[in-house]
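Read the structure below first, then the notes.
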Amino acid sequence: MPAPLAELGTPVLLAAAAAGLGAGLLRLLGVLARLGPAEAPAFAFALGLGALGWLVFPLAAAGWLAAPVLLGLSLIAAAGLALLSRPPRPAPPSRLELILAAGIALALAFDLMEGLSPPADADSLAYHFAIPKEALREGRLAFVPRAVSGAAPLTVQMTYLAALALGGERALTLWTMLSGWAASWLLYALARRNLERPLALALALLLLTTPAVVYGAGSGQAEVRIALFALVAAAATAAALASAREGPPAAGWLALAGLAAGLYAGSKYTGLLFVAACGTVLLWPGSWLRLEWLRRAGLFAAAALLAGAPWYAWNYAHTGDPVFPLLYGWLPYRHAGLWDEAHDLALRVDLAEAEKAVPVSLFWLLAYPLKATLAGLPVFESGRTGFGPFPLLVAPLALAGAWRVRDRLWRSPLLPLAALALLFYLLWFLTGSSQRIRHLLPVWPLVLLCLGVAAARFAPARRPLWGALALTLALQLGGHGLFSLAYLRHLLSGEGREAFLARAVSEYEPVPWLNAHLGPGTRLFHQVRQYNYLLEAPYFSATGTLQALIDVTPGADDPARFLSQLRGQGVTHLLVSPGGSAERLTRGLLEAGCAAPVRSFEVRRMDSRTLPGLSTHTVRLDLIALEARNCRL
């Protein structure tokens with residue numbers, strides 16, 4: 001297949017495969033006919049995206065990554081599109097709807113600029129895109145014994161692997177762009193059940209331009225795609241509870257809720273909290289004492305286990321810990337070198353100091369949303385990955401609307417959605433998880449939907465509601481445009497891939513030289529996580545304290561042990577920066593004649609891709625080669 005055709009055709013094929021696969025599952029569960037023709041495609045794509053990643057995973061683990069295999073899987077899955085009926089022809093749009101459609105088109109144009117540019121997001125380069133690329137280079141998916149960014153549930157990332165295998169890097173970035181839009185589409189479909197078309201469009205645009213979505217939707221960040229699973233699970237939970245009022249809850253809805261919640265857990269560890277929240281809401285009405293309900297709840301649990309368990313089984317098979325390394329000390333590990341007490345302590349300290357800015361307390365449980373919105377601490381990252389001002393602007397209207405319909409509130413189909421979002425937030429905060437606000441993004445569309453509908457129920461509030469929407473959308477579209485300037489400059493200037501990456505990726509300068517001079521017989525030890533995707537030669541990523549195979553914790557002080565660990569991982573070269581234990585240990589290797597300097601690089605370290613001029617400073621990286629002839633260790 002010609003390269004341009006593969007680049008453009010692969011995202012379309014994967015979208016068709018996801019929608020077809022999801023339609024088949026919805027039909028199998030018996031719920032496809034209960035969805036309106038306009039919302040069925042959105043539900044199908046959401047469920048099918050997770051199912052596609054679920055199917056690619058065993059193929060990757062078995063080494064069946066040839067393009068014909070993935071192409072055949074996608075074509076077979078796409079055949080399920082025949083199960084979807086054609087949506088009805090919409091009514092002619094009003095002037096307001098045309099304005100909102102223009103806003104959506106503008107936001108999509110901003111996203112397209114990113115989709116047509118090389119990937120530059122640090123997390124994507126570190127593991128979201130790097131692990132799929134490494135699997136294709138090695139011919140199979142390998143287990144990465146690295147906490148957080150290696151041994152993690154990666155169902156969503158398996159769809160990236162398919163895109164990269166079938167169409168290359170451009171297909172990958174276009175697929176993330178396309179799949180990043182789907183949550184807004186599904187939110188619109190659900191909003192139309194309760195709101196007129198203009199308000200539903202406004203909520204979709206609000207989600208599309210939310211700072212956290214702008215930051216992550218066009219990259220490999222998984223949260224906005226995981227929001228698809230949260231929306232489907234919440235809608236299915238509400239439908240199951242509604243059917244339970246007339247008798248036993250419908251098995252199809254329970255199974256769908258379980259599958260979607262399980263896909264969440266199979267894509268991020270916090271999905272385990274979402275499964276618990278979803279199961280709790282399903283047992284909420286009080287009929288849990290009935291044997292029939294317990295049997296149906298078992299169906300939810302079995303479906304969640306089916307969808308989410310494979311990655312936890314993968315972790316367990318390689319380490320002995322399904323959530324490696326969170327259960328270190330509780331379970332016996334298969335290999336002593338995978339983790340140790342020093343790394344366990346260092347990770348817990350890092351989590352406590354670098355990922356949590358406020359204590360886990362009742363006060364901060366209530367104050368966190370206000371603090372993160374009005375004056376977020378750096379750990380929250382709410383300045384660039386927050387949810388915008390809309391919640392605070394519309395909260396009084398939503399409370400007034402809820403009070404106005406208080407007599408019908410307990411029968412509202414949106415109440416389970418609100419309860420699920422609230423319960424997830426409680427579990428997330430009280431269990432001491434990372435306090436980065438973007439980890440709440442998967443349930444943000446649920447909050448947005450509930451706030452919008454509640455505010456709309458307050459009849460006199462339409463003008464204030466539209467005022468809050470207009471102000472928020474103006475701010476968010478402006479921020480979206482600012483974020484897109486780097487990509488616009490790239491597309492208009494005609495600069496090449498290397499020039500763009502040099503401008504957009506922190507510390508990029510050594511990469512071209514390393515790719516030109518390090519071949520297949522070498523392996524580079526480095527600590528710059530965004531190099532993982534960019535390097536063509538084999539590498540060993542020793543980011544912080546997230547792995548124990550090569551000890552670079554602050555207390556490591558034995559060069560001989562360091563050398564032994566480097567040799568055990570096949571390392572031939574080291575790229576180190578001044579300061580830290582790696583530089584100190586490398587200096588010991590140099591003094592013992594076990595290594596020799598190759599060259600140094602002056603690099604620009606940027607804290608922000610959007611405004612690099614305000615956050616750039618220069619550091620030095622030294623390339624060192626291991627030597628064996630004169631080594632005295």
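The values are calculated or read from the model by the stated rules, or taken from the named source; none is laboratory data. A quick note: this is a predicted structure, and the numbers were derived from the prediction, not measured. Please note: Cβ atoms are built from the backbone with ideal geometry, for glycine as well, and neighbour counts cover all protein chains shown.
Couple of notes before you dig in:
- Selection status of L423, free of Cβ contacts under 8 Å to residues at least 12 places away in the same chain, surrounded by 15 or more Cβ atoms within 10 Å (Cβ to Cβ), out of contact with any Asp or Glu (no Cβ under 8 Å at 6 or more places or on another chain) and not polar (S, T, N, Q): no
- Unmet requirement for W410, which otherwise passes all of (1) more than 23 Å from A240 (Cα to Cα); (2) surrounded by fewer than 18 Cβ atoms within 10 Å (Cβ to Cβ): (1)
- Of all residues in segment 82-101, those satisfying the criterion of being in contact with a Lys or Arg (Cβ under 9 Å, 6 or more places away or on another chain) and either aromatic (F, W, Y) or under 25 Å from L32 (Cβ atoms) (or both) are L83, P90, A91.
- Flag for A162 being touching a residue at least 60 places away in the same chain (Cβ under 8 Å) and over 26 Å from A16 (Cα atoms): no
- Tabulated pairs, segment 197-211, first free of Cβ contacts under 8 Å to residues at least 60 places away in the same chain, second in a helix (DSSP H, G or I), C-beta under 6 angstrom, 6+ apart or interchain: A200/Y188; A200/A191
- Top-ranked residue in segment 92-106 [being of a type in the set (A, V, I, L, M, F, W, C) and either in contact (Cβ under 8 Å) with a residue 40 or more places away in the chain or not assigned by TED's automatic domain parsing to the domain that holds G167 (or both); ranked as farthest from A44 (Cα to Cα)]: L96
- Against the test of being charged (D, E, K, R) and surrounded by fewer than 24 Cβ atoms within 10 Å (Cβ to Cβ), the options E169, E223 yield a single qualifying residue, E169.
- Criterion: within 18 Å of V224 (Cα to Cα) and in a helix (DSSP H, G or I) - qualifying residue of L448, L475, L469: L448
Residue-wise test of (1) over 30 Å from L477 (Cβ atoms); (2) surrounded by 14 or more Cβ atoms within 10 Å (Cβ to Cβ); (3) among the basic types (K, R); (4) not assigned by TED's automatic domain parsing to the domain that holds A255.
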| residue | (1), (2), (3), (4) |
| --- | --- |
| L299 | yes, yes, no, no |
| A317 | yes, no, no, no |
| W330 | yes, no, no, no |
| V349 | yes, no, no, no |
| F363 | yes, no, no, no |
| P396 | no, yes, no, no |
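- R438 being in a helix (DSSP H, G or I), within 25 Å of the chain's Cα centre (by Cα) and buried (at least 20 other Cβ atoms within 10 Å of the Cβ): yes
- Search result, residues across segment 451-465 that are without any contact (Cβ under 8 Å) to a residue 60 or more places away in the chain and not in a loop (DSSP other than H, G, I, E, B): A454, A459, P460, R462, R463
- Helices (runs of 4 or more DSSP H) completely within segment 15-117 that count 2 or more residues being of a type in the set (F, W, Y): 40-62
- All of R584, R620, R632 fail the test of being modelled with pLDDT under 95 and in contact with a Ser or Thr (Cβ under 6 Å, 6 or more places away or on another chain), apart from R620.
- Hits in segment 319-349 - residues which are under 18 Å from I550 (Cα atoms) and part of a helix (DSSP H, G or I): T319, A336, G337, L338, E341, A342, H343, D344, L345, A346, L347
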